[in-house]
Amino acid sequence: MLAVAILAAGKGTRMKSQLPKVLQSLAGKSLIERVLASVNGLKPDRVLLIVGHQAELIKEKLCHIPELEFINQVPQKGTGHAIQQLIPVLKDFEGELLVLNGDVPLLSKTTIARLIHQHRTSKVEATFLSATLSSPEGYGRVFADELGNVSEIIEDRDCNHEQKDNKLTNAGVYVYNWEKLKHILPKLTNKNEQNELYITDTIKMLDKCMHLQVVDPEEVSGINNRQQLSCCEEIIQQKLRDFWMLNGVTFIDENSCTLSEECEFGNDVIIEPQTHFRGRCQVGNNCTIGPGSLLKNCVLGNFVKVMFSVINDAKVGNNVEIGPYSHLRPKALINDECKIGNFVEVKKSFIGQGTKINHLSYIGDADLGKNVNIGAGTITANYDGKYKHLTKIGNNSNTGANSVLVAPIVLGADITVGAGSTLTKDVPNGSLAIGRAKQFNKEDWEIKKNTN
Ligand code: UD1
Ligand code: MG
């Protein structure tokens with residue numbers, strides 16, 4: 001039997017944030033989501049999350065994971081005290097307990113599997129991950145012989161000068177034989193610099209413990225402050241960019257661009273500087289994205305060009321040009337060969353193949369046919385203050401500059417709207433619609449001079 005416990009009750013004082021530390025975001029996912037993902041696939045019998053500081057908020061964010069058991073630690077008197085909360089919960093449990101710190105988000109599944117494997121084969125009472133760090137400040141130091149047998153872990157604050165020179169650090173990931181651990185947990189004391197109960201003290205109290213050094217120390221980076229958060233973000237971003245550069249994507253200035261793990265790119269994609277992808281983005285072949293663009297949860301076909309634009313929850317076909325300065329909002333569906341130009345906003349609208357909206361327009365709640373030409377400054381007036389209404393425009397129609405289409409309205413196919421029109425009535429196929437005041441010229445008009 002395997003139980004997993006994740007420590008997530010601490011405040012994260014060093015983050016200086018309103019948000020509990022484990023809910024801080026790293027490359028679009030919270031720390032705790034990342035830690036939970038790292039135990040995915042282990043098929044544990046129980047998954048226990050120890051919460052305390054802002055427990056309700058954490059529970060709310062994770063309520064979609066049914067197998068998660070929340071254990072309250074109130075007040076929070078240290079990592080050892082957190083684990084003590086498991087004594088009644090795991091009263092009848094027999095087997096191994098995997099303990100993870102909720103602020104160690106880069107751990108790989110492979111490393112956890114190696115740790116469990118080593119623990120099972122060596123038959124010791126506890127095995128934990130360690131790393132040799134060039135800057136070990138802040139981490140607990142591991143004192144071990146060359147065979148990997150550990151005598152104790154001493155926290156950074158409790159180390160003397162000599163002990164601080166030890167660069168072998170505790171990663172905060174442990175596998176225990178629960179039978180053995182549960183007997184020593186009540187004996188933890190708080191005789192240390194922080195007056196807390198430390199989980200790390202269990203190591204010297206158990207009979208035989210070993211450490212397993214990770215191959216890549218980056219994996220066990222702990223996050224206690226925003227500098228460390230930023231370092232981990234950079235590690236993830238560099239890995240993502242490296243992966244995509246080896247898979248057909250060119251970055252013009254890679255360090256100025258960020259990706260998410262849910263992005264997918266075709267071949268011959270060029271990502272220009274200052275371009276960011278969030279959430280689930282799918283980009284086809286031969287696209288050029290950027291400079292200066294933000295794309296979130298979107299699908300782009302092949303040969304799409306996006307420049308200085310924002311695309312959010314939208315879908316774009318093949319051979320489409322977006323921008324500069326376009327804003328595609330949720331449920332914008334742009335079909336093949338369209339052009340969405342300068343200062344154009346499209347929301348919840350179907351834009352038929354070959355349609356062009358080149359300048360300064362708002363198209364919302366609309367259904368546009370094929371090869372429509374939307375003149376500069378055309379607005380679908382979709383909102384009456386209470387409800388949203390639809391605008392429909394048939395194939396091959398043109399709207400003149402500064403047309404206001406007051407929805408609900410249906411404009412047929414092959415129609416033309418005169419510039420400056422405000423239309424409130426449907427327009428039949430093949431018509432010219434003009435809805436503006438007639439021009440009046442008064443001849444021989446003298447400009448009144450100011451005589452004062
Ligand atoms: C801890 C380890 C240290 C190790 C480092 C690795 C201890 C005493 N020290 O230090 O040896 O090198 O992690 O990153 O364990 N938490 C609770 N309840 C509490 C206190 C903390 O659940 O009462 C949780 C925190 O939310 C956090 C985790 O335990 O997720 C670790 O706590 P933190 O204060 O970050 O410990 P470190 O100082 O990083
Ligand atoms: Mg920490």
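A few comments on the model shown:
- Strands (runs of 3 or more DSSP E) contained in region 265-324 and holding at least 3 residues under 21 Å from Val344 (Cα atoms): 294-296, 310-312
- With respect to the conditions (1) in contact (Cβ under 8 Å) with a residue 24 or more places away in the chain; (2) buried (at least 18 other Cβ atoms within 10 Å of the Cβ); (3) assigned to a helix (DSSP H, G or I), Gln237 falls short on a single one, namely (2).
- Flag for Ile58 being touching a Pro at 6+ places or on another chain (Cβ under 8 Å) and either in the same structural domain as Leu295 (by TED's automatic domain parsing) or farther than 20 Å from Phe128 by Cβ (or both): yes
- Residue match in region 42-54 (condition: more than 27 Å from Glu234 (Cα to Cα) and in a helix (DSSP H, G or I)): no
- Enumeration of residues in region 352-369 that are among the hydroxyl-bearing types (Ser, Thr, Tyr) and within 13 Å of Asn398 (Cα to Cα): Thr355
- The set of residues in region 206-234 being part of a helix (DSSP H, G or I) and within 14 Å of ligand 1 (Cβ to nearest atom) consists of Pro217, Glu218, Glu219, Val220, Arg226, Gln227, Gln228, Leu229, Cys231, Cys232.
- Only one of Thr132, Thr110, Thr200 that is in contact with a Lys or Arg (Cβ under 6 Å, 6 or more places away or on another chain) and either within 25 Å of Ala37 (Cα to Cα) or surrounded by fewer than 20 Cβ atoms within 10 Å (Cβ to Cβ) (or both): Thr132
- Restricting region 101-117 to residues that are among the hydrophobic types (A, V, I, L, M, F, W, C) and under 20 Å from Thr200 (Cα atoms), the residue that is nearest to ligand 1 (Cβ to nearest atom): Val104
- Taken over region 206-252, the residue count meeting the criterion of being away from ligand 2 (no atom under 16 Å from the Cβ) and not assigned by TED's automatic domain parsing to the domain that holds Glu137 is 20.
- Checking every residue in region 5-24 against the condition of being closer than 30 Å to Glu179 by Cβ, modelled with pLDDT of 95 or more and surrounded by fewer than 19 Cβ atoms within 10 Å (Cβ to Cβ) gives zero matches.
- Residue within region 37-45 that is touching a residue at least 40 places away in the same chain (Cβ under 8 Å) and within 14 Å of ligand 2 (Cβ to nearest atom) present: no
- Number of residues in region 364-377 that are more than 16 Å from Gly317 (Cβ to Cβ), within 32 Å of the chain's Cα centre (by Cα) and outside any loop (DSSP other than H, G, I, E, B): the value is 2.
- Test: Leu100 is within 16 Å of ligand 2 (Cβ to nearest atom), surrounded by fewer than 21 Cβ atoms within 10 Å (Cβ to Cβ) and not charged (D, E, K, R): no
- Residue match in region 74-89 (condition: more than 11 Å from ligand 1 (Cβ to nearest atom) and under 30 Å from Phe277 (Cβ atoms)): no
The values are calculated or read from the model by the stated rules, or taken from the named source; none is laboratory data. Predicted model, so just to flag it, every value in this text is computed and none were measured. FYI the Cβ positions are ideal-geometry reconstructions off the backbone, even for glycines, and counts take in every protein chain you see.
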